[in-house]
Amino acid sequence: MTNSLRPQGPLGAPLPPSQQPARGVPGPRSSRSAGAATGAADPGALSAKPAKPAKQRDAFFDNAKYLAIVLVAMGHAWEPVKGQSRGLEALYTVVYAFHMPAFILISGYFSRSFDMRADRLKRLVTGIAVPYIVFEAAYSLFARWADHSPGQPISLLDPLYLTWFLAALFIWRLTTPLWKLVRWPLPLALVIAMLASVSPEIGDDLDLQRVLQFLPFFVLGLYMKPEYFQLVRRREVRILSVPVFAAALVVGYWAVPRMNTGWFYHRDSAQQLGSPWWAGPVMTLGLFGCSLLLTACFFSWVPRRKLWFTALGAGTLYGYLLHGFLVKGGDYWGWFDHNWLHEPLGQAVVTLVAAVSVTLLCTPPVQRVFRFAMEPSMEWAFKRDAAELARERAGAGAGAGRA
């Protein structure tokens, strides 16, 4: 790979919003219904109204997350075998232009209801911060053992390989209330991204270049409405997406010998990529537009009904963080050094193995094994929420009254 300890692509476990989706449009499930909230405030309502069943997960978004993580794994597997293959390099470039923006946009969409409420802060810590710490240490120790690098430090300030996305998602979520407050959030996020692209002094701490340059996609997701997803899933959009992707592949094939692929990673400034400073803002805006167009085409082809892989969308964080050990292990142990893997047939085999592997890593058995690291409850680490205690006391009082 270009850098054995730096990521080439994304995922996170987004928080569900409280907004209700428009009729006929897929929307995320809410963490609690309005009826449940009313019942909690009024003890009498607990006995008067039965609790509403929890809403089912939306198949469209689970399908989109699963397909995105498959593309991520395939892209990581292509990195060490694409070599001088101009065709695979073009496909790699096109995939990297939209798979990460698509996932970040979904993450922003599911973060719309995030605030500083105690239960959401707890979930931010247990679902994002703790996995970041665990896997930052795990990847460092794995590099020491598999790559015989005893000097590899464990640093929470310098994300290794795939863990950058967790650090980014943690920062983006914390700033969500601010993006809801400002008057022009998307233009402001684009300005910040453009300024980051001309600021090499930002450095590698928390991979802030990626955090800032990918920020507009997260902010856009915060302001997405269910109707927007309905628009891109119309039949005419699906039809138009075919020539759009074909044109993107042609442009990618043309650009392979003429363009630095590093622009698509958004981890370096223009100067670090050997370009003049003014190329940073230009490329930021240009790639933002191209990525949105390809992301819309991608969403237009995401199935809206339940399929065999729909349930795997709930485990994409597992597939994302765990498949990195397979890719890095193959890199450390020379699995990708066989000449036949750099031929078209070998590249096809690598693609298939990557897709199957990440699919298996998203399955419920794997989730049960690694839930201690991905979704720890950690009740011992937090104080009981006052509102939750009040609801429990109210429920207990209502039960005593009925008795």
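Computed from the coordinates by the stated procedures, all read-outs in this text should not be read as laboratory data. Computed from a prediction, not measured in an experiment: that's the story for all the values here. FYI the Cβ positions are ideal-geometry reconstructions off the backbone, even for glycines, and counts take in every protein chain you see.
Structural remarks
- Gain on full stretching of the segment that runs from residue 366 to residue 271 - 0.36 nm per residue minus C-alpha separation: 30.0 nm
- Fewest-first ordering of 225, 328, 65 by other beta carbons within 10 Å of each residue's beta carbon gives 225, 328, 65.
- Full extension of the chain segment joining residue 293 with residue 174 gains 40.1 nm, where the gain is 0.36 nm per residue of separation less the Cα-Cα distance.
- The simple spin-label model puts a point 7 Å past each Cα toward its Cβ; for residue 201 and residue 338 those points are separated by 5.1 nm.
- As a length-normalised measure over Cα pairs under 8 Å and 6 or more apart, the relative contact order of the stretch 54-375 settles at 33 percent.
- Gyration tensor (alpha-carbon) shape descriptor, the stretch 54-375, a/c threshold 1.5: rounded
- Label sites at residue 378 and residue 250, each approximated as a point 7 angstrom past Cα along Cα to Cβ, lie 5.1 nm apart.
- Remark: 156, 186 ranked as 156, 186, counting other beta-carbon atoms within 10 Å and listing the fewest first.
- Inter-probe distance in nm under a simple model that places probes 7 Å from Cα toward Cβ, at residue 356 and residue 141: 3.0
- Lysine-lysine proximity count for the stretch 54-375, Cα under 20 Å, sequence distance 8 or more or distinct chains: 7
- For the stretch 263-338 and the stretch 68-120, distance of Cα centres in Å: 3
- Cα shape, the stretch 204-251, gyration tensor, a/c 1.5 rule: oblate
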